[in-house]
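Visitor: Below is one structure. I have some questions about it.
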Amino acid sequence: MLRIARPNDSKLYTYVATVQRVIDGDNSDLNIDLGFLSWVQENVRLRGIDASELSKARGQIAKKFVQDALKNVKFVVCKLYKEGSFGRMLADVFYLPKETDAKVVAEKGIFLNQQLLDEGLADVWKG
């Protein structure tokens with residue numbers, strides 16, 4: 001089970017973002033709202049997990065699962081961490097279909113990283 005970061009962590013950054021593209025089971029392009037009418041597009045990797053590559057059936061299933069989970073949400077809430085390998089930010093991603101309040105999504109949303117583990121579509125990252 002992954003540990004969810006606590007909101008009082010001084011090095012934690014939490015943002016609302018829209019999903020631009022699901023690349024695979026653990027990588028997506030997000031358009032992140034930095035506040036003050038400032039947005040940035042970032043490729044993020046889900047923190048703490050490792051989904052199979054797209055060349056494997058399990059990787060294709062993981063990608064489709066993420067696409068289906070996020071297709072009807074207006075936004076996600078992401079908690080960003082330091083930059084990981086390949087220049088990607090590491091992220092915990094939360095979503096809640098039909099919810100329009102970001103605070104509710106942050107507090108009660110579905111933790112996508114853990115959901116992929118629970119569904120058997122990813123493994124705990126050992127890197």
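Visitor: Scan region 107-127 for residues that are among the small types (Gly, Ala, Ser) and surrounded by fewer than 17 Cβ atoms within 10 Å (Cβ to Cβ) and report the count.
Guide: Selection size over region 107-127: 2.
Visitor: Give the residue that is farthest from VAL77 (Cα to Cα), with candidates limited to residues of region 21-37 that are at pLDDT below 95 and not aromatic (Phe, Trp, Tyr).
Guide: LEU37
Visitor: Any chance you could count how many residues in region 40-52 are part of a strand (DSSP E or B) and touching a residue at least 40 places away in the same chain (Cβ under 8 Å)?
Guide: Result for region 40-52: 8.
Visitor: So, in region 55-69, how many residues would count as being of a type in the set (A, V, I, L, M) and either touching a residue at least 60 places away in the same chain (Cβ under 8 Å) or touching a Pro at 6+ places or on another chain (Cβ under 9 Å) (or both)?
Guide: 3
Visitor: Another question, then. GLU107: touching a strand residue (DSSP E or B) at 6+ places or on another chain (Cβ under 8 Å), of a type in the set (D, E, K, R) and without any contact (Cβ under 8 Å) to a residue 12 or more places away in the chain, yes or no?
Guide: Judged against the criteria, GLU107 is not a match.
Visitor: Do you know which of the residues in region 23-52 that are more than 12 Å from the chain's Cα centre (by Cα) and aliphatic (A, V, I, L, M) is farthest from PHE94 (Cα to Cα)?
Guide: Filtering region 23-52 for residues that are more than 12 Å from the chain's Cα centre (by Cα) and aliphatic (A, V, I, L, M), the one farthest from PHE94 (Cα to Cα) comes out as LEU37.
Visitor: Here is a further query. Quick check: is even one residue across region 53-71 at pLDDT 95 or above, surrounded by 21 or more Cβ atoms within 10 Å (Cβ to Cβ), in a strand (DSSP E or B) and within 15 Å of the chain's Cα centre (by Cα)?
Guide: Within region 53-71, none of the residues are at pLDDT 95 or above, surrounded by 21 or more Cβ atoms within 10 Å (Cβ to Cβ), in a strand (DSSP E or B) and within 15 Å of the chain's Cα centre (by Cα).
Visitor: So, of the residues in region 72-86 that are surrounded by fewer than 19 Cβ atoms within 10 Å (Cβ to Cβ) and among the charged types (D, E, K, R), which turns out to be farthest from VAL44 (Cα to Cα)?
Guide: Applying the filter and picking the extreme gives LYS74.
Visitor: Tally up the residues in region 87-106 that are more than 14 Å from the chain's Cα centre (by Cα), part of a helix (DSSP H, G or I) and either surrounded by fewer than 19 Cβ atoms within 10 Å (Cβ to Cβ) or modelled with pLDDT under 95 (or both), please. Walk me through how you get there before you give the answer.
Guide: Of all residues in region 87-106, those more than 14 Å from the chain's Cα centre (by Cα) come to 87, 97-104.
From what is left, the residues that are part of a helix (DSSP H, G or I) are 87, 102-104.
This time we only want the ones that are either surrounded by fewer than 19 Cβ atoms within 10 Å (Cβ to Cβ) or modelled with pLDDT under 95 (or both), so: 87, 103-104.
Qualifying residue count for the region: 3.
The values are calculated or read from the model by the stated rules, or taken from the named source; none is laboratory data. Given the structure is predicted, the values throughout are model-derived calculations rather than measurements. Methodologically, a virtual Cβ is constructed for each residue, glycine included, from the backbone with ideal geometry; neighbour enumeration extends over all protein chains shown.
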